[in-house]
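The values are calculated or read from the model by the stated rules, or taken from the named source; none is laboratory data. Given the structure is predicted, the values throughout are model-derived calculations rather than measurements. Every residue, glycine among them, receives a Cβ derived from its backbone with ideal geometry; neighbour counts consider all protein chains shown. Accessible surface is based on the protein model in full, side chains and every heavy atom, while ligands, DNA and RNA are left aside. Shrake-Rupley method; radii C 1.70, N 1.55, O 1.52, S 1.80 Å.
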Amino acid sequence: KYLAYLNLSFNSIELIDSNKFGKLSSLSNLDMSHNKISFIGKLAFSNNIKLVNFNLSHNQIKTFNKDLFGNNIYSQSKLSELILNNNKLKKIDLFINFQNSEGWLNLENNLLLEYPQTLSITTSLPYLTIKNNKINKIRPS
């Protein structure tokens, strides 16, 4: 319950069940990079409203959507860094209100085909890295 930092990197985690981290409401830093994660259940992080740094890089994630955080991520989140590089993301549907002026979203080295529409709405995102994808169109917001 009082755990603030959790590093689960370089393991063999393949999936994250729904609300698996629900009891870790004080969690501010979560590193799950370099695993084999391909599935994340709905609302898996809905109680983690103190999450500031979240690293899911170097996994097998194909989709990442707002259901992972429930309704909390837009209105209450303290998230300032979300690292999703080196996955297999083809689509991202995410509304994040980055609370920090240094907010950073890393989507490098994925399989995105178009610029994510929802990022146009996320006006509080100062740093976005989206290089080395398969983007061939940018739709007007």
Mind listing just one residue for me: the one in the stretch 38-60 that is β-branched (Val, Ile, Thr) and under 20 Å from residue 106 (Cβ atoms) and, of those, surrounded by the most Cβ atoms within 10 Å (Cβ to Cβ)?
40
Residue pairs meeting the criteria (Cβ under 7 Å; at least 6 apart or on separate chains; first more than 8 Å from residue 130 (Cα to Cα) and at pLDDT 80 or above, in the stretch 96-111; second open to solvent by 40 Å² or more (accessible area, probe 1.4 Å) and of a type in the set (A, V, I, L, M, F, W, C)):
105/128
For strands (runs of 3 or more DSSP E) lying entirely in the stretch 6-71, having 2 or more residues that are over 12 Å from the mean Cα position of the chain (by Cα) and free of Cβ contacts under 8 Å to residues at least 60 places away in the same chain picks out none
Selection count, the stretch 11-37, where residues are touching a strand residue (DSSP E or B) at 6+ places or on another chain (Cβ under 8 Å) and open to solvent by 70 Å² or more (accessible area, probe 1.4 Å):
2
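How many residues are closer than 22 Å to residue 80 by Cβ and at pLDDT 95 or above if we restrict to the stretch 36-53? Before the answer, list the steps.
Initial filter on the stretch 36-53 (closer than 22 Å to residue 80 by Cβ): 37, 40, 43-53.
Restricting the remaining residues to those that are at pLDDT 95 or above gives 37.
The total comes to 1.
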